[in-house]
Amino acid sequence: MSIENKKSAKPDARSKLLEAALSVIRMKGYTATTVDDLCKAAGVTKGAFFHHFSSKENLAVAAADFWSETTGAFFENASFHSPEDPLDRVLAYLDFRKAILQGEMAEVTCLVGTMVQEVHDTSPVIRDACNRSITGHAGTLVADIAEAAELYGATLPGGAEGLALHTQAVIQGAFVLAKAGNDVRLAANSIDHLKRYVELLFGRT
């Protein structure tokens, strides 16, 4: 997913570094990304980096929160919220996730999913920031899923929260498959399977 920050026409050094983190870390991975890489991509000095962030880890936590804020606005304004039927909104969300799989691998994959796979055991603060982002996004689906379950009389193992988290597990796993196979279509296929699973859960065939 390609995200643009439209808050400021002339972002400051901190904003430039956060924007750089979104692209560079998704392309190279957290471990392989250096402070020099981030400064070069942002067009700022190393002094500017350490003025705003005490370490690469500190920037990564801020980048995860920035990712949540930026993608949150992106999804909040997306068209999948329009259908009146709550199940149609959930299915439209999955269609939207598939539709935005456009561009290079680093443009369509998830920053926090990329980072947490690398540092879940070595950096608890980054892991927790990534968890906040992933579970926070899943949380935005819970109300629609719960409303759909009530409307359709569907029993959901794990409840609406469980299904919301499962959607993110499948999508994050789809990104892994896409990276491993170097083919974004693998992610799209996984989302298609997820959509069929959701339709079966709610008796929509």
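The values are calculated or read from the model by the stated rules, or taken from the named source; none is laboratory data. Everything numeric in this text was worked out from a predicted model, so none of it was measured. Cβ placement follows ideal geometry from the backbone for every residue including glycine, while neighbour counts extend to all protein chains displayed. In case anyone asks, the SASA skips ligands and DNA or RNA and just uses the protein heavy atoms, side chains included. Shrake-Rupley method; radii C 1.70, N 1.55, O 1.52, S 1.80 Å.
For the residue pairs Lys28/Lys179; Lys40/Lys98; Lys56/Lys98; Lys16/Lys46; Lys28/Lys195; Lys16/Lys98, alpha carbon separations beyond 20 Å are given by Lys40/Lys98; Lys56/Lys98; Lys28/Lys195; Lys16/Lys98. The dipole here belongs to the chain: it is taken about the Cα centre, uses +1 on the Cβ of Lys and Arg and -1 on the Cβ of Asp and Glu, and is about 660 debye. Note on Leu38: accessible area approximately 0 square angstrom, rounded to 10, probe 1.4 Å, nucleic acids and ligands left out. Each of Ile134, Ile171 has its accessible area taken with a 1.4 Å probe; listed largest first, they run Ile134, Ile171. For region 119-156, the residues whose backbone nitrogen is under 17 Å from a point 7 Å from the Cα of Glu76, taken along Cα to Cβ, are 133-144.
Among the protein heavy atoms of the chain, carbon and sulfur supply 53% of the accessible surface, probe 1.4 Å, non-protein parts ignored.
Using r as the Cβ-Cβ distance of Asp121 and Val35, and R0 as 30 Å, what FRET efficiency do you calculate, to the nearest 0.05? Result of the calculation: an efficiency of 0.85.
FRET efficiency for His193 and Phe50, Cβ-Cβ distance as r, R0 = 41 Å, nearest 0.05? Rounded to the nearest 0.05, the efficiency is 0.35.
A simple spin-label model places pseudo-atoms 7 Å from Cα toward Cβ; at Asp95 and Asp12 they are separated by 4.3 nm.
The solvent-accessible area of Glu104, taken with every protein chain present and a 1.4 Å probe, is close to 130 Å². The largest accessible area among His137, His166 belongs to the first residue in His166, His137, and the rest follow in falling order (1.4 Å probe, all chains).
Sorting check: for 19-25, 151-157, 176-182, which peptide has the highest mean count of neighbouring beta carbons within 10 Å, and how do the rest follow?
In descending order of packing, they fall as 19-25, 176-182, 151-157.
Distance from a point 7 Å along Cα→Cβ of Glu84 to each backbone N in region 165-205: keep the residues under 11 Å and list them by number. Of the residues in region 165-205, none has backbone N under 11 Å from the label point off Glu84. Average accessible surface for region 66-201: 49 Å² per residue, computed with a 1.4 Å probe over protein heavy atoms with every protein chain in place. Here the translational diffusion coefficient of region 112-203 follows from Stokes-Einstein with Rh set to the Kirkwood radius across Cα pairs; for 4 °C and 1.567 mPa s it amounts to 90 µm²/s.
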